[in-house]
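The values are calculated or read from the model by the stated rules, or taken from the named source; none is laboratory data. This is a predicted model, so every value here is computed, not measured. Quick reminder, even Gly has a Cβ in these numbers, built from the backbone with ideal geometry, and neighbours come from all protein chains shown.
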Amino acid sequence: MKRLLCAALLAAAATLPFVGVGCGPKMTKVECKVTLDGQPVEGATVTFIPEDKDGLTANGLTDANGVCLMRTGSDKDAVRPGKYKVTVAKTKYGAGGEGKDPTEAMRDAAKGGAGNKPGAGGGGGAKMPGGMMPGAGGGGAMGGMGVGIANELPLMYTDVSKTPFNVTVPPSDQPVKLEMKKQ
């Protein structure tokens with residue numbers, strides 16, 4: 001009888017660490033539709049910045065219809081419930097990055113190629129001006145590496161302190177409409 005009781009207690013103790021696993025905050029799928037003056041914006045990065053310090057940031061990249069699915073982390077197509085400030089940015093890469101995938105342009109610049117040649121604005125160290133987000137500046141060369149990054153959207157939508165967009169998750173309507181206007 002004692003052995004049976006011990007076995008039952010051991011089995012209960014072994015399952016105890018798994019109680020509550022998967023019981024975290026319920027995640028919600030959130031789709032956004034981004035437009036500028038009524039036209040869909042392709043290739044824009046949408047970022048949900050949580051107002052709660054313990055929240056998770058979510059990101060999405062718009063397709064040709066201006067639509068994106070927000071992701072928290074690399075494997076979660078969902079967002080935690082809460083209040084978020086929303087920024088939207090679309091970057092254009094110039095001088096050494098024209099026509100290239102942004103990641104490829106940055107790799108070339110880091111290796112010293114594609115615009116990081118004498119007379120092409122290269123030669124500087126890899127420094128970010130003032131901790132600014134790529135795309136948040138008005139253009140210019142990034143860190144002197146010869147890769148110019150300019151934002152194609154009005155700057156107020158890229159700045160978390162100026163953006164007019166606020167979203168509560170779960171949203172009342174899907175997709176969340178982020179309607180921008182040229183200034």
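See the values below:
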| read-out | value |
| --- | --- |
| Pairs, first at positive phi and assigned to a loop (DSSP other than H, G, I, E, B) in region 77-106, second at pLDDT 60 or above and of a type outside the set (A, V, I, L, M), C-beta under 8 Å, six or more apart | 95/148; 96/108; 96/148 |
| Any hit, region 157-166, residues being modelled with pLDDT of 95 or more and part of a helix (DSSP H, G or I) | yes |
